[in-house]
Every structure is written in structure tokens, then in C-alpha cells.
Amino acid sequence: MPTRNAPGSPRLLLRRLREAMAEPVSAQARLDRIVVQIAANMVAEVCSVYVLRADGRLELFATEGLNREAVHLTTMRAGEGLVGLIARNAEPLALSEAQSHPSFSYKPETGEEIYNAFLGVPILRGGNTLGVLVVQNRAHRVYAEEEVEVLETIAMLLAEMIASGELQAIVRPGAEIAARRPLALKGSAVSEGVGLGHVVLHQPRVVVTQIVAEDTGKELRRLEESIEAMRAGIDQLLDGDGSAGDHREVLETYRMFANDRGWLRRLREAISTGVTAEAAVERVQNDARARLQRQTDPYLRERLHDLDDLANRLLHQLTGQSLVAGPETLPDNAVLVARSMGPAALLEYDRKRLRGLVLEDAGGSSHVAIVARSLGVPTVGDVDNITSLVEQGDAIIVDGGAGEVQVRPQPDVESAYREKARLRARRQEQYHQLRDKPAVTRDGQTIDLLMNAGLLVDVHHMGEAGVASIGLFRTELQFMLASQFPRLEQQYALYKQVIDATPGCVTFRTLDIGGDKILPYMQTYEEENPALGWRAIRIGLDRPGLLRSQLRALLRAGAGRELRVMFPMVAMVSEFDAARALVARELAHLTRHGYETPSLLKLGVMIEVPSLLWQLDELLARADFISVGSNDLVQYLTAADRDNRRVANRFDVLSAPVLRALAHVADSAARAGKPLTLCGEMGGRPLEAMALVGLGYRAISMSPASVGPVKAAVMGMDAGELGGLLRDLLAKTDAAPSLRGPLKAYADAKGVPL
């Protein structure tokens with residue numbers, strides 16, 4: 001066994017390589033010195049580094065032992081030859097007789113036919129293959145497991161060198177390195193706008209700079225202490241006051257992995273090769289990620305995310321760094337990138353410095369999406385693996401309208417998006433000029449454009465958007481952002497501030513929780529299908545103390561003024577009757593105790609559950625107004641979960657069945673003479689809003705950013721003419737699956753701006 005500093009010592013080699021990487025020489029010279037050092041230390045006659053290019057080919061970047069003329073000339077596809085096999089499988093390969101392997105591919109320019117023994121390891125970072133590191137010998141020898149581990153550790157150093165972009169200086173035009181290649185990624189459109197800036201990881205990765213351990217015993221102790229501290233933190237969240245909330249299942253998974261003996265054994269074995277605790281965590285996670293990333297089983301791929309998060313937690317525990325980026329350190333042109341994020345976390349960042357948001361696990365209907373739209377932050381969701389594809393500080397472009405993300409864009413791509421951003425700014429200025437003009441169609445129909453809100457900050461956008469009233473105030477956001485149940489006085493204070501700051505009236509929706517909206521401090525229940533489960537008005541009627549507290553705060557806040565309150569997720573008229581009875585009880589209580597009550601109280605219902613479509617006459621005889629929640633109504637009509645990427649876009653909101661249902665609601669409200677509003681995401685898109693006006697909707701509520709485009713469309717259309725066209729199309733028994741085409745053709749023919 002070699003002594004610690006004797007020739008052949010892995011630690012001595014790692015130190016020398018670290019010194020070589022710090023020398024002020026060219027990238028090629030540094031790489032050439034590294035392969036010489038590796039070959040000498042491992043008593044190998046050949047050491048070669050292959051780097052993965054953007055075109056998917058592996059290029060020989062440096063060699064000791066093969067023909068130097070082959071450098072930058074020899075290339076192979078992933079899967080071609082032994083090197084390509086290692087790159088494709090992301091696993092080490094050790095052979096005593098390389099030429100007998102079925103994947104062996106002879107490259108005559110390298111002169112490698114005289115070498116028999118072969119050892120190659122993938123150069124991994126974040127589980128992604130950046131290249132391959134190879135050593136070879138003439139003798140038919142078997143490489144020991146310790147030698148494989150040494151080479152894997154060296155590959156970690158090379159991964160940092162490749163990922164840094166240093167090697168870009170020595171590549172030929174058209175042969176860019178894959179690790180720093182431009183990426184065009186597609187996700188789901190969440191919040192309109194174009195943002196150009198630089199990546200800020202919401203949960204920044206720890207960059208492991210110290211790989212060589214001075215004292216393996218000390219590193220093992222550091223690892224054990226950090227694991228214990230991490231376990232204790234997870235246990236405290238799970239076994240404490242129940243604040244784990246909807247994250248409980250995730251934390252249970254973390255606890256299971258944190259106690260997994262196989263994972264812990266691999267970490268200890270990695271440290272025993274002479275690396276630091278941080279390097280051991282990164283190496284073990286690189287191997288796990290490389291394997292799981294190639295799995296097609298969705299369960300196994302989900303476990304990959306859990307392992308990533310756990311490894312990230314452990315690295316932050318080892319280094320003492322914060323698990324979440326500090327909002328105070330945000331650069332002036334930040335684009336946040338995260339696997340997932342809660343609405344409260346987004347609100348902590350300085351909006352003035354935020355240019356965009358990219359998320360792996362969030363669609364357009366998520367809670368963070370609602371806040372992003374409120375803040376006007378261009379956002380793209382459902383971008384697979386984005387947190388592993390970017391580095392802190394990477395140039396990035398977010399197109400929230402198209403659902404596109406450009407990572408490390410080429411100059412011409414960046415120029416095109418800058419022009420798109422300028423064009424959008426010019427359009428916004430045109431919309432701004434419409435701010436004080438009424439939304440009146442060409443044939444004289446006045447359309448009330450209202451605003452959706454859920455935070456006090458939203459109210460400040462009303463003047464900018466040119467709206468006077470709030471058609472939907474989502475009261476649950478206050479509850480979701482709080483660490484404990486908001487007291488009655490806190491609720492009252494918020495509602496009064498909103499009413500005081502709004503020139504017109506505010507329609508408050510009572511607490512719409514349950515399903516995917518779980519309060520972190522509220523006991524949760526396992527449900528087979530939460531979207532069809534215990535939520536919204538069902539919780540309020542089953543827990544009347546909760547609903548009564550909110551109603552009392554609303555009634556007090558509306559003292560002496562008009563107050564509009566609507567109830568969500570009503571499926572039966574009897575539920576609305578029960579809710580009205582609670583309102584009457586609270587009114588009586590306030591009067592009895594000398595409180596001033598609203599001068600005019602109007603109670604309404606959200607039309608979200610299809611069963612109400614066949615109870616509209618009974619409902620309208622009782623309700624003062626109704627409001628269509630198109631997000632849930634379309635979801636339930638089509639049996640397509642709006643947060644499930646596989647089916648969310650399967651049915652068009654402008655399909656004949658959906659439009660017929662919406663027309664039925666409009667006709668029923670008109671017969672009863674009751675006000676009707678639509679406040680789902682559908683109303684914020686110009687073409688869809690145009691269709692709604694044609695169906696008879698005269699009040700539409702939307703996000704502030706949507707008011708300008710929708711107003712322009714409304715002012716350019718003839719409501720009566722479009723209404724006749726729509727009714728004719730919907731009356732046909734062979735109506736097209738979607739009426740989007742005919743509606744778009746109408747808009748183009750009539751010059752309606754979309």
C-alpha cells in the first residue's frame with residue numbers, strides 16, 4: 001500500500017492536479033499537463049480526455065500516449081466504441097482485453113491498437129455526462145476497484161473545468177462543448193412577458209471546491225455529524241407542531257433516504273478514497289443521478305428529485321450555507337430558477353430586480369403562478385430538469401407568453417428576443433393609452449373589465465390597468481402565506497385595506513382551500529382525488545367556525561358600504577342556502593353587539609361544478625349574482641386535471657361543449673336579470689374574451705396585465721355580429737371539436753387585435 005505522499009498516492013495526485021488547474025497557462029496546456037500527471041501516477045501508458053460536444057459527438061481533447069496529432073481530430077458518437085459506450089451508460093468500464101469487447105472501435109489515427117487494458121469513467125456533473133476519462137496499458141492487467149474510484153474522483157475535477165467554460169477557448173467553430181451549449185427549452189406559459197437576465201438558483205447548488213481530504217477520519221466525523229443534524233431537522237419538522245403540512249409526504253421520503261444504509265455506506269466508501277465529505281456527497285449523487293436519469297419509470301424518476309433534494313440539504317448542512325438564495329443578494333437582472341416554489345418565497349424577492357421565473361414543477365394554475373402574474377413577472381413552468389441544466393449566472397431568456405426558455409443564447413437569438421421585448425413594450429404603451437377609455441364594442445355594448453386579486457399589492461395595479469373594481473379577490477392567499485391561522489382581526493384589517501384602496505366594489509370569494517391548496521398549519525387528509533374531495537364550501541360548512549370567522553371579518557370590513565361575497569365549489573343549491581344562513585347569523589351577531597353592517601350586501605355563487613348547470617333557475621332565484629370560475633368548470637366538464645401536463649391541454653376552452661355550457665349560463669342569468677361575471681384564466685386572453693362577449697358576458701375579471709390586450713380586442717369587435725356567428729356554429733350538430741379556427745378567422749377578417 002503506498003504511503004500518503006509516495007508516488008502513486010491518490011491524494012498526492014489530486015493535490016498536483018489541483019495545482020495544475022491553478023497555473024496561469026492556456027486551457028490546452030493545462031489539460032495536457034493533467035493527462036501527463038494522471039498517466040505517471042497511475043503507471044498508465046495512456047491517459048486521454050474526451051469531451052462531449054453540443055452535436056452529441058465525443059472529441060479527443062488531450063492525450064498522453066496516443067498520437068498527439070489525433071487531438072481535436074478524433075471524434076465518435078455517443079454509443080460508438082468503448083468511450084461512446086461509457087458516455088451513453090454513464091458508468092465506468094474496466095477491461096483487461098479491450099479489443100475483444102464487442103463495442104471496441106478502432107481509430108487508426110490514434111495508434112491505440114497496441115493497448116489492451118482499458119479503464120474509462122464518465123465525467124459527470126449533476127448526473128449529466130460531460131465527457132470520458134480513460135487510462136490504458138499494453139499489459140493484460142485488471143484495474144482494481146481503488147483505481148476506478150481514483151479516476152472517478154479525478155473526473156470530478158475535470159467536470160468543474162469543463163462546466164466553467166474554460167475549454168470553449170480551444171474548440172473549433174461548430175464544435176461547441178455540450179456543457180456550455182445554448183439550450184432552447186419548452187415549458188408551459190404561466191405569466192406573460194419577456195425577461196432577459198442571468199440565472200439565480202432559488203436553492204443554489206453548493207460548488208465543491210475542496211475535493212482532496214487532509215484527514216479522512218475528520219471527514220467521516222463531519223459527515224456523521226451533518227447527517228445527524230439533517231435527520232434531526234427533518235424529524236423536528238415531522239414530529240413538531242404539525243407545520244410540515246402538505247410537505248409531510250416529501251419529508252417522510254427524505255427521512256427514509258436519510259436513514260438508508262446503502263446510501264450512507266456509499267458516502268463512507270467515497271470518503272475512504274481520500275476525498276472530502278462534500279466531494280463524497282457530490283460523487284455519490286452524480287452516480288445515482290446518472291443511473292436514475294436514464295430510467296423511464298416515473299416513480300424512479302421522482303425518487304431522483306427526492307435524492308437530489310436530500311443531497312442538496314446535506315451539502316448545505318456540511319458547508320453551513322443557507323438552503324435558499326438570500327433575496328438581498330439578488331442581482332439587478334435576476335431570473336429565478338427553481339424546481340418548485342411557494343408563493344410566499346417568491347414575494348420575498350425584490351420585484352424591481354426580478355426579470356423572470358422558471359420552474360420545473362408548476363403550471364399556469366399553480367399558486368406561485370397566480371402570484372407571478374400579480375407581480376407581472378414573466379414565468380415559464382413545467383421545464384424538465386431545468387435546475388440541472390443551468391449554472392448560477394448563466395445568461396437566460398424567459399418568454400412567458402410562448403412558454404419558452406433560452407439558456408446561454410447565441411447573440412442572434414438574444415437580439416431577436418430583445419426586439420420582441422421592445423415590441424411588447426410598445427404594445428404595452430398602446431394599451432396604456434386605452435387605460436382611461438371605456439371598453440365599448442363597435443356596436444355600443446359596454447363590457448366591464450374587472451381585476452382578479454389576492455394580495456394587497458395587487459390593488460395598487462388598478463390605476464395602472466385602468467380598472468375600478470375587483471371581480472375576484474382570492475381570500476385564501478392570505479391564509480396560504482401565513483405561518484398560522486390568521487386571526488379575525490388580521491383578516492378584518494386586510495379586507496378593510498382592500499376595500500378602502502378600491503375605487504369601485506370588491507367581490508370577495510370565501511376561503512377556497514383543499515384539493516391542491518393546503519394550508520401548512522392545517523391537518524391534512526389523504527384523498528384519492530383531492531380535486532373532487534373535501535375543499536372550499538364543503539370545508540366551510542363542515543367547519544362552520546372557520547367560515548363564520550371569515551364572514552364576520554368581511555361584514556365588519558364592509559361597514560356602511562356595498563359588500564359582495566361569493567361562495568366557491570357549490571354543487572347543490574342547498575349548500576348556498578346553508579351558507580346564506582351563516583351570513584344571516586353573523587349579521588345578527590354584529591347588529592346585536594352594535595357593529596355597523598354593510599349598507600348593501602350581495603351574495604353570489606361561483607359556477608364551477610357542472611351539477612349547477614341544471615340548477616341555475618333555482619339558484620338564480622336565491623343568489624344576487626353569479627360568477628363563472630372557468631378554470632374548474634372546464635376541468636370538471638372535460639374530466640381533465642388542469643395541473644396534469646398529459647391532459648391539461650387535451651381539450652380547448654373554445655370547444656363546442658364548453659362554449660355551449662357557458663352560453664347556457666349567460667342565457668339563464670339574462671332571463672333572471674341577475675349580474676354575471678367570468679373570472680377564470682379564460683377571460684384574460686383576447687380571443688377567448690371576444691368569444692365570451694359574443695355569448696353575452698358583459699363583465700369579465702382578469703389579471704392586471706391582461707386588461708389592455710382584452711380591452712383592445714373588445715373595442716375592435718361587433719358583439720351582435722359575433723354573437724350571431726357563434727350561435728349558428730354552436731347550433732350545428734357537427735360542430736368542430738374547437739371553434740378557435742373560425743373565431744380567429746373572424747378576428748382577422750374584422751381587424752380585431754389579438
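The values are calculated or read from the model by the stated rules, or taken from the named source; none is laboratory data. Predicted model, so just to flag it, every value in this text is computed and none were measured. Positions of Cβ are generated from backbone atoms using ideal geometry, with glycine treated the same way; all protein chains shown enter the neighbour counts.
Structure summary
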quantity: Residue under evaluation ALA334, criteria (1) surrounded by 14 or more Cβ atoms within 10 Å (Cβ to Cβ); (2) at pLDDT below 85; (3) over 26 Å from LEU151 (Cα atoms), criterion not met; calculated: (2)
quantity: The range 157-192, subset part of a loop (DSSP other than H, G, I, E, B) and surrounded by 21 or more Cβ atoms within 10 Å (Cβ to Cβ), residue nearest to the chain's Cα centre (by Cα); calculated: GLY187
quantity: Residue satisfying condition, being over 31 Å from the mean Cα position of the chain (by Cα) and surrounded by 19 or more Cβ atoms within 10 Å (Cβ to Cβ), within set ALA735, ALA699; calculated: ALA699
quantity: Answer residue from the range 563-605, given it is touching a residue at least 60 places away in the same chain (Cβ under 8 Å) and in a loop (DSSP other than H, G, I, E, B) and is surrounded by the fewest Cβ atoms within 10 Å (Cβ to Cβ) among those; calculated: MET569
quantity: Those residues of the range 73-91 which are in a loop (DSSP other than H, G, I, E, B), out of contact with any Phe, Trp or Tyr (no Cβ under 9 Å at 6 or more places or on another chain) and surrounded by 20 or more Cβ atoms within 10 Å (Cβ to Cβ), in sequence order; calculated: ALA90
quantity: Selection status of VAL368, modelled with pLDDT of 90 or more and of a type in the set (Val, Ile, Thr); calculated: no
quantity: The one condition in (1) assigned to a helix (DSSP H, G or I); (2) under 26 Å from ALA571 (Cα atoms); (3) at pLDDT below 85 that LEU541 fails to fulfil; calculated: (3)
quantity: In the range 466-475, the residues that are over 12 Å from PRO503 (Cβ atoms) and touching a Ser or Thr at 6+ places or on another chain (Cβ under 9 Å); calculated: GLY471, LEU472, PHE473, THR475
quantity: Flag if ARG685 is closer than 26 Å to PRO378 by Cα and without any contact (Cβ under 8 Å) to a residue 60 or more places away in the chain; calculated: yes
quantity: Unique residue being of a type in the set (Gly, Ala, Ser) and within 22 Å of ARG88 (Cβ to Cβ) when the list is ALA139, ALA117; calculated: ALA117
quantity: Residues satisfying the stated conditions in the range 114-123, i.e. in contact with a Lys or Arg (Cβ under 9 Å, 6 or more places away or on another chain) and surrounded by 23 or more Cβ atoms within 10 Å (Cβ to Cβ); calculated: none
quantity: Within the range 26-40, considering residues that are crowded, with 22+ Cβ neighbours inside 10 Å and more than 38 Å from the chain's Cα centre (by Cα), the one farthest from ALA117 (Cα to Cα); calculated: ILE34
quantity: Among (1) under 15 Å from SER188 (Cα atoms); (2) crowded, with 18+ Cβ neighbours inside 10 Å; (3) over 12 Å from the mean Cα position of the chain (by Cα), the one test that ALA402 misses; calculated: (2)
quantity: Residue check, GLN99 surrounded by fewer than 21 Cβ atoms within 10 Å (Cβ to Cβ), part of a helix (DSSP H, G or I) and at pLDDT 85 or above; calculated: yes
quantity: Every pair of residues 6+ apart whose Cβ atoms lie under 7 Å, when the first sits in the range 643-660 and is part of a loop (DSSP other than H, G, I, E, B) and buried (at least 19 other Cβ atoms within 10 Å of the Cβ) while the second is at pLDDT 80 or above and among the basic types (Lys, Arg); calculated: LEU654/ARG740
quantity: Residue match in the range 13-20 (condition: more than 20 Å from ALA163 (Cβ to Cβ) and part of a loop (DSSP other than H, G, I, E, B)); calculated: no
quantity: Candidates GLU45, GLU59, GLU19, GLU23 - the one that is farther than 18 Å from LEU119 by Cβ and in contact (Cβ under 8 Å) with a residue 40 or more places away in the chain; calculated: GLU59
quantity: Leading residue by the ranking (modelled with the lowest pLDDT) among those in the range 16-25 that are surrounded by 15 or more Cβ atoms within 10 Å (Cβ to Cβ) and within 40 Å of the chain's Cα centre (by Cα); calculated: MET21
quantity: Residue identified as among the charged types (D, E, K, R), assigned to a loop (DSSP other than H, G, I, E, B) and assigned by TED's automatic domain parsing to the domain that holds PRO173 among ASP55, ASP32; calculated: ASP55
